[in-house]
Each structure stands twice: as structure tokens, then as C-alpha cells.
Amino acid sequence: MITAICPGSFDPITLGHLNIVRRASRIFERVVVLVMVNAAKPSPMFSIAERADMIRRVTAGMGNVEADTCNGLLAEYAKRFEHPVVVKGLRASTDFEAEFQMAQINNAINPGLETMFLTSSEKYTFLSSSVVRELAAYGSDLSDFVPREIIDEVLAKARTHGGKTNG
Ligand code: PNS
């Protein structure tokens, strides 16, 4: 059985992420959404456990999808599966260089570990967790950007992280 691993920082998971996970779940028998540390993003809004918990709730209806967490290297984590494949969404050419590099590093550490990309749905090309965090800081309507199950949680967390006001 091929296991798709969808890694990311998911701080928080967006509708764009969820679109990729749903599509991966139609292609692969098992999908693990893996919450990881991105060294380039040192001050996350949510803890890794909180992010995984949100993912579990918003993917509850997808029977072959699970969430996990990992503080280490993706290439090492993948070794626990017999047939792993890393699946990521690609939004635009701006994503390409970093994703290309990560796929090659992962393959160098764990030869045979392939990375596959699903092109982002057009309506989510602009969307990122950082955009969501920015909007949330202003108390903006998030219903087009994050799954409804976590909207209140994201807005509440943004308030405690020093929300901003318009004007
Ligand atoms: O959602 P993101 O922040 O673009 O995801 C990036 C992530 C977390 C997948 C990447 O930073 C990662 O794989 N981190 C784990 C550590 C690792 O394996 N690094 C090797 C690639 S440089």
C-alpha cells in the first residue's frame, strides 16, 4: 500500500491545504497529514499538537486520512512506511524553487523517496497560512479561507496574539 505523506507547518490548515489532502485521499489508499517544524518559520501561532488536533477535526469525514506530528526530518519519518510518497500542493512558480530543493534533499537523505505535486486549485492559488494569520489579526471573516470548524479558534488565537484594529 502506498502511503501519501502531506507535510507542512499548517499554522493553521487552510482550505487550500484541505483541497490537496482531499484530492490525495482519492488517489492514495492512506494519507498522513504531517505537522512539521519549518525552521524558516520560528514563531508559530499554534503548537504542533494544536495544529494536528485541528487537522483531525477537519478531516474527520475522510476515512483514509490521519494526522501525525514530527519534530525531525521528513526523509527519516518516511522510513517507517513501506511505500511512502510525499505529496505537496504547488501554488505558483514562486513555490517551485523551494519545493524542488526540498524534494531533492529528501531524496538524497532517503533514496527512493519520491515527491509528487498536485497543482493548487485556481481559487486557492493566493492562499497561505500567513495570509490567514494576517486576516485573523484584524478579526476579518475567514470563511472563504479556513475550514469552518476552526474559524472561531483561529480568530480567538489571533486575539490573544495581539490582534490589530482597522483604521
Ligand atoms: O508548510 P511549509 O512551512 O511550507 O512546510 C515546510 C516543511 C515543514 C514541510 C519543511 O520545512 C520540512 O520538511 N520540515 C521538516 C524538516 C526537514 O525534513 N527538512 C529537510 C528539508 S530542507
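What follows is calculated from the coordinates using simple rules that are stated; it is not laboratory data. Not measured: the values here are computed from a predicted model. As a convention, Cβ positions derive from the backbone with ideal geometry for all residues, glycine included, and neighbour counts pool all protein chains shown.
Some notes on this structure:
- 0 to 90° range, to nearest 10: angle between helix 151-160 axis and the chain longest Cα axis: 70
- Longest to shortest principal axis, alpha-carbon extents of the chain, angstrom: 53, 32, 30
- Look at Met54, Met62, Met36 and count the other Cβ atoms within 10 Å of each Cβ; fewest to most, that gives Met62, Met36, Met54.
- Contact order normalised by residue count of the chain, Cα under 8 Å, 6+ apart, percent: 28
- Taking 27 Å as the straight-line reach from the Cα of Lys157, the lysines in range (excluding those fewer than 8 positions away in the same chain) are Lys41, Lys88, Lys123.
- Full extension of the segment from Lys41 to Asn64, taken as 0.36 nm per residue of separation minus the current Cα-Cα distance, would add 5.4 nm.
- When the helices of the chain are scored as -39500 (n - 2.57) per DSSP H run of n ≥ 4 and the total is divided over every residue, the value at 222 nm lands at -11500 deg cm²/dmol.
- Listed values for the range 80-89 are Karplus-derived 3J(HN,Hα) couplings in whole Hz (6.51 cos²θ - 1.76 cosθ + 1.60, θ = phi - 60°), namely 6, 9, 5, 10, x, 9, 7, 10, 9, x, and x replaces Gly and Pro.
- In this structure the amide hydrogen of Val87, modeled in the peptide plane, comes within under 5 Å of the amide hydrogens of Ile5, Cys6, Met116, none closer than 5 places in sequence on its chain.
- Whichever aspartates and glutamates have a C-alpha closer than 14 Å to that of Lys79, once near sequence neighbours (fewer than 8 apart) are set aside: Glu114
- For Asp144 and Asn71, the difference between the fully extended length at 0.36 nm per residue and the C-alpha to C-alpha distance is 23.3 nm.
- Helix 93-109 vs. the chain, principal-axis angle (Cα, 0 to 90°, nearest 10): 40
- Spin-label proximity, Arg23 to the range 103-136 - amide N less than 19 Å from point 7 Å beyond Cα toward beta carbon: 103, 114-129
- Efficiency of FRET between Phe100 and Thr125 - r from beta-carbon atoms, R0 25 angstrom, step 0.05: 0.85
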